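Inspection log for the structure reproduced underneath, given as structure tokens.
The values are calculated or read from the model by the stated rules, or taken from the named source; none is laboratory data. The structure presented is a predicted model; accordingly, all values stated were derived computationally and were not measured. All Cβ positions, even for glycine, are placed from backbone atoms using ideal geometry, and neighbour counts span all protein chains on display.
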Amino acid sequence: MADETELQATASVVLADPAGMLERLCGHFVEHGQVTRRDGGARLGGPFGSVDLTADDGVLRIAVTCPDESRLFVVKSSVAEHLFEFAEGETVSLSWQGNAPAQTRIPYFREVMVRGARDITPAMRRVTLACDDPRHFTSGGLHVRVLIPPRGRAPVWPSVGPDSRVIWPQGEDTLAKRTYTIRSIDHARGELDIDVVLHDDSVGSIWAREAQAGDRIGLLGPGGGDVIPADWYLLCGDETALPAIARIAEELPSSARASIVIEVADAAEQQDIASKAAIEVTWLHRKGAPAGSTDLLAQAVRGIALPEQGSPFVFAGCEQATARAIRKHLRSERQLPKDRHLVAAYWRKGHADVHDHGD
Ligand SMILES: Cc1cc2nc3c(=O)[nH]c(=O)nc-3n(C[C@H](O)[C@H](O)[C@H](O)COP(=O)(O)OP(=O)(O)OC[C@H]3O[C@@H](n4cnc5c(N)ncnc54)[C@H](O)[C@@H]3O)c2cc1C
């Protein structure tokens, strides 16, 4: 029986081939969670909640159950998005009912305003954002999708269609999207800090360089989940993960121990890492080599011994090829279980805006 505190949404969709649609949805969602088959239907389960699908008599019945409004929205909009994509031109009508109020806005969207920006190292600029609701960003993950409106135009934010699909502004109102970490939250001042790596004339770098008090941006999130409790941590990454590593280190309890390894261009890019935990920090310098071109970080991880007792956890954020090398090493050579590491591609050489957050 459904828990009364859970939120539910249901829909019945008339389709030419509901069983075929059920198969396509299962085929897609199996990459993101568990799919359990039952007679004439299936249950899709994962960290966001569950989706029960039943195909009969020309109708696909959908029942979504989630613990909160944000996750309900993520699941409804994702199911809707894929349903319409897989319907391939068939006229489909999707209308949700349920015990939650109609979701006419993205529940995890916030508009914030730039309060100021300053360089904290030669290649890292801190953008401080005024936020009415800083508490919203304290749990659920460290990173956000930053929505950057075209310079000189009033922002048009994404809205929600009646079927729960997100409607993105188009043409001159198209938003640039980049992923950044919330480096710190100041509840008393109602401020969030985002530390942006300045490289080339990229969208994110230009935004951070030109950010001025009063500029409005949108934030979607936070996402990525909370840090897994452990008694020993390896926190490693390049400068793009430095904000995440610094924030994780600050939030560790005094009982924890952590080895921290950060690759940066040179000594001028080092920052103080504060923590109540017992931490050992190693800086790796690229000495003129471009970011994403060395194996410094992967080699350093290879040289670190994992404790034989207790519960270790490894966090890594870096260029995609390095993330893959570290992930492979931890899994194959160290046999570190999947739930004991989070190794994420924070960027990919030669590609804009990669957001494979790894596993
Ligand atoms: C979960 C998560 C959290 C992140 N947190 C932060 C953060 O707090 N601060 C931060 O600065 N970044 C962070 N990143 C990384 C950031 O999202 C990417 O670096 C992103 O590509 C930056 O956008 P851009 O507009 O600068 O470059 P893009 O337009 O995305 O890329 C343009 C070109 O620059 C290259 N490029 C991208 N990033 C770098 C880089 N750092 N150095 C050299 N070349 C690069 C790309 O390969 C591409 O060729 C995070 C990423 C993830 C997934």
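Things worth noting here:
- Whichever residue in the range 200-226 is aliphatic (A, V, I, L, M) and in contact with a Lys or Arg (Cβ under 9 Å, 6 or more places away or on another chain) and, among such residues, is surrounded by the most Cβ atoms within 10 Å (Cβ to Cβ): Ala208
- Of all the numbered requirements in (1) over 29 Å from Gly140 (Cα atoms); (2) more than 16 Å from the ligand (Cβ to nearest atom), Pro229 misses one, and that requirement is (1).
- Test result for Gln309, without any contact (Cβ under 8 Å) to a residue 24 or more places away in the chain, away from the ligand (no atom under 15 Å from the Cβ) and not in a helix (DSSP H, G or I): yes
Conditions tested, residue by residue: (1) crowded, with 19+ Cβ neighbours inside 10 Å; (2) among the acidic types (Asp, Glu); (3) not assigned by TED's automatic domain parsing to the domain that holds Ala246.
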{"site": "Ile260", "(1), (2), (3)": "yes, no, no"}
{"site": "Val264", "(1), (2), (3)": "yes, no, no"}
{"site": "Glu280", "(1), (2), (3)": "no, yes, no"}
{"site": "Trp283", "(1), (2), (3)": "no, no, no"}
{"site": "Gln299", "(1), (2), (3)": "no, no, no"}
{"site": "Arg302", "(1), (2), (3)": "no, no, no"}
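- Considering (1) near the ligand (Cβ under 10 Å from one of its atoms); (2) assigned to a helix (DSSP H, G or I), the lone condition that Arg209 does not fulfil carries the number (1).
- Count - residues of the range 4-31 that are free of Cβ contacts under 8 Å to residues at least 24 places away in the same chain and in contact with a Gly (Cβ under 6 Å, 6 or more places away or on another chain): 0
- On the stretch given as the range 343-359, residues that are buried (at least 16 other Cβ atoms within 10 Å of the Cβ) and either modelled with pLDDT of 95 or more or more than 16 Å from the ligand (Cβ to nearest atom) (or both) total 6.
- Of all residues in the range 130-153, those that are surrounded by fewer than 13 Cβ atoms within 10 Å (Cβ to Cβ) and in contact (Cβ under 8 Å) with a residue 60 or more places away in the chain total 1.
- Of the residues screened, Leu15 is not one that is buried (at least 17 other Cβ atoms within 10 Å of the Cβ), closer than 19 Å to Leu94 by Cα and either of a type in the set (Ser, Thr, Tyr) or under 28 Å from the mean Cα position of the chain (by Cα) (or both).
- Flag if Arg178 is basic (Lys, Arg) and farther than 17 Å from Trp157 by Cβ: no
- Selection within the range 108-122 - in contact with a helix residue (DSSP H, G or I) (Cβ under 6 Å, 6 or more places away or on another chain) and surrounded by 16 or more Cβ atoms within 10 Å (Cβ to Cβ): Tyr108, Thr121
- For the range 185-210, residues that are aliphatic (A, V, I, L, M) and in contact with a Ser or Thr (Cβ under 9 Å, 6 or more places away or on another chain) total 6.
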